[in-house]
Amino acid sequence: MIMRDQSHHGINPVNLKGKAWVFGDDINTDIIIPFRFKSRTNDPYEMAKYAMYGLDPDFHKKISKGDIVVAGRNFGGGSSREQAPVALKYAGISAIIAESFARIFYRNAFTIGLPILEISEIKGKVNPQDDLKIDITNFVVENVRTNETFYARQVPEFMRQMLLEGGLVEYYKKYKHFPWIQS
Amino acid sequence: MQTTFSPSSSTLQQQHQTPNNQDISRYKNIIDDKSLTFAEKIISIKNVETSNTDSKKMCMSGDIVIVNVDLAMAQDSTGPLAIRSLNEMGIENLYDSSKVLLVLDHTFPAADEKVANLHAMIRDFVSKHNCMLIQGSISHQHILEQLATPGMIILGADSHTCQAGCISAFATGIGSTEIAAVWTTGQLWLQVPETIQIKLSGTFNKGIFARDLILDHIGKVGEDGANYKALEWKFSNDYVKRQFSMDSRACISNASMECGAKISVFPIDEITTKYLDDYPRINNNNEAEKIVIHPGNSAKHVDEYEIECNKIEPQVSGPDNVDKVHTVGEMANIEIDQAFIGSSTNGRIEDMEIVARMLKGRKVHKNTRCVITPASVKVYEDAIKRGYVEIYIESGAFFTNSTCGACVGTHLGALGENEICISSSSRNFVGRMGALSSKVYLASPATVAASAIEGKIADPRRYL
Ligand code: SF4
């Protein structure tokens, strides 16, 4: 079994910077990674080759490490597949900003340590390839081109802690308990 | 064909967290509270903070609560990632393997070497930990037929886990690493959802089914119309209630995922009781585990709808989004390459029966292939026993083993470039059943069968 590359963990995502890739509403998990690929591997780098395959099979080749996905409503709807945020993360996406997220995708992204930010007014405020800066400690996004600042919906403290540690696995390895159990 | 590794008696003895009859009296104040929704009641009961004390804390929608979980499932495409997360965390022991279910259903039997290797990984895990393994029944249908009881909290690494709401369980989907955490501690955090109440009235016209009803509703509220929310279904009278068999309720609870619902719950009534009698739970523990929870009459709902069954027409959804819903009349004459009847949404015996009635003495159109896939080994056996399979074969349709198969384009009915399929399965998303250029329309099994006969999208009413 291929182990996860440690360089992706314990990322210090306090300040992220990347170029925006802009998508519309209802980007579901079948678009993010089709079943027939994700169900035939357990290797995150293999999954990464199919990130956003449903809209652009070459997406993983076009993006640079640290780029940011921006989308409309209901990002990540459909299947519970954790491989969806994993594929995006290992393809090099550093964060996702959307007007809203589907329930299971939302949980999964925090679980695997992929920062996601819910900003209801983001639509129309970001153009493709805009440079964005994200302060993950405070959940604040800045569009460098327009100099506009956006404040994302806050999350429970245990989820923020889990995210800052790089996800549930990394959190558990460090503290030997799960983040929702306060010891 | 189907293997169940029953948990050893020593692991069964660890089930101290599930309330038994004696405990239920302690929850009486919660169960009787008229101001609480189903979700608020069950989470109040299963809340870990108060489960070992006498004073029960009420949990209200919006609260984040850690709950005791009664059953935690992963399947062959989410289990491998869960197992890897456990390994990475260095976790050797599961909290209670009798509450852990692994299911090989999505690509079963393995369609190729890569799937076979992942299946082997799951089998090794199951034999190491002595948890339950089901092969060749779709997880949600197996859970409904053999494991779920009213009042259980069921979490599954599969979005359609919400199907078990049909039997009045709190059942919802989560991801792989979170299910690994549940396997480790028997617990997980949940936010108590807000509730939408949907009252059903009127009677279905001929040729209209539960699937048409839920597609119609999703078309109205959109793919995120119930995101994070609980759906509570209610019948306006007994006459309405009797139209909704357990199979129909399961279809609705399952498909509620397509508007984002966290849970989708039907009331407990004589149909529930009869179902539990007809399909005894394998843990043989019905009474001890069953908690009868009726939603409070004066509970707060964020939305209320009424659906008049008599006003619904056959629905066709798609392509590419489930909420793109039309009447069959608007879509008639779209030519199809494949008609698929199956999946956890509509692959139950009631579906097999209606399709047999329609295909009897008729032929599948020569330009169309018709694939029929039962949702479980039990449905498979029953379809054979009742003679449906002979009818299917006579008509030129193909009857497969129980698997997710075509529903996720993994085997037994995947679509090629530009092919068009009408399907009773759950979703019609881009590339869901195969090539990115293929198109999927969703409809009731009856509408799919009519379309198979005509080779184009067709109204089922003329065949009934
Ligand atoms: S049949 Fe389809 S909807 Fe049901 S569990 Fe399988 S993949 Fe999911």
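The values are calculated or read from the model by the stated rules, or taken from the named source; none is laboratory data. Everything quoted here is computed from the prediction, not taken from an experiment. Because the Cβ atoms are built from the backbone with ideal geometry, glycine has one as well, and the counts that use them run over all protein chains shown. With ligands, DNA and RNA removed, areas are computed over all heavy atoms of the protein, side chains included. Shrake-Rupley method; radii C 1.70, N 1.55, O 1.52, S 1.80 Å.
So for the stretch A:8-175, averaging the separation of alpha carbon pairs under 8 Å that are six or more residues apart and normalising by length, what relative contact order in percent results? Present the calculation step by step, with values, prior to reporting the outcome.
Values: 380 pairs, mean separation 45.0, N = 168.
Relative contact order of the stretch A:8-175: 27 percent.
Treating the angle as unsigned and between 0 and 90°, give the value, to the nearest 10°, between the Cα long axis of helix B:176-185 and the longest Cα principal axis of chain B. In chain B, helix B:176-185 runs at an angle near 30 degrees to the longest axis. Near B:I307, the amide H atoms lying under 5 Å from its own belong to B:K199, B:L200, B:S201; only residues 5 or more places off or on other chains count, and H is placed 1.01 Å from N. Rounded to the nearest 0.05, what FRET efficiency is calculated for B:K241 and A:K17 with R0 set to 60 Å and r the Cβ-Cβ distance? For R0 = 60 Å, the calculated efficiency reads 0.55. The distance between label points at A:Y175 and B:I393 comes to 6.0 nm (points 7 Å beyond Cα on the Cα→Cβ vector). Note that the stretch A:73-81 has calculated 3J(HN,Hα) couplings of 7, 6, 5, x, x, x, 4, 7, 4 Hz, one per residue in order, obtained from phi through the Karplus relation 6.51 cos²θ - 1.76 cosθ + 1.60 (θ = phi - 60°); glycine and proline are x. Summing Lys and Arg as +1 and Asp and Glu as -1 over all other residues whose Cβ lies under 12 Å from the Cβ of B:S344 gives a net charge of -3.
Over all residues in B:414-424, what is the mean tally of Cβ atoms on other chains that come within 10 Å of each residue's Cβ?
Numbers: counts 1, 0, 0, 0, 0, 0, 0, 0, 0, 0, 0.
Across the residues of B:414-424, the mean count of other-chain Cβ atoms within 10 Å is 0.
What the Cβ-Cβ distance of A:N127 and B:N29 gives, at R0 = 60 Å and to the nearest 0.05, is a FRET efficiency of 0.60.
From the Cα gyration tensor of the protein assembly as shown, with a ≥ b ≥ c the square roots of its eigenvalues, which class applies: rounded if a/c is under 1.5, or else prolate if a/b is larger than b/c, or else oblate?
Values: a/c = 1.42, a/b = 1.15, b/c = 1.24.
It comes out rounded by the Cα gyration axes.
Taking all protein chains as shown and a probe of 1.4 angstrom, B:S245 keeps an accessible surface of around 40 Å². Taking A:P115, A:P44, A:P57 in turn, the Gaussian network model of chain A (Cα-Cα springs below 10 Å) assigns the largest fluctuation to A:P57.
In this view, the solvent-accessible surface of B:M331, computed with a 1.4 Å probe and all protein chains in place, comes to about 20 Å².
Sequentially through the stretch B:321-335, phi angles give Karplus couplings (6.51, -1.76, 1.60; θ = phi - 60°) of 9, 6, 7, 8, 10, 10, 7, 4, x, 5, 10, 4, 5, 6, 6 Hz, Gly and Pro residues having no value and appearing as x. Heavy-atom accessible area with a 1.4 Å probe sorts B:H119, B:H326, largest first, into B:H326, B:H119.
For B:R242, the shell of other residues with beta-carbons less than 10 Å away shows a net charge of -2, using +1 for Lys and Arg and -1 for Asp and Glu.
For A:V70, the amide hydrogen comes within under 5 Å of the amide hydrogens of A:W21, A:V22, A:F23, A:I97, counting only partners 5 or more places away or on other chains and with H modelled in the peptide plane. Proximity of backbone amide H atoms, modeled 1.01 Å from N, is registered between B:Y228 and A:R103, B:K262 at under 5 Å, excluding neighbours fewer than 5 places apart on the same chain. Per residue of A:102-110, other chain Cβ atoms within 10 Å of the residue Cβ number 6 on average. Helix B:79-89 axis versus longest C-alpha principal axis of chain B: approximately 30°, rounded to the nearest ten. Axis of helix B:445-454 versus longest Cα principal axis of chain B: the two differ by about 20°, to the nearest ten degrees.
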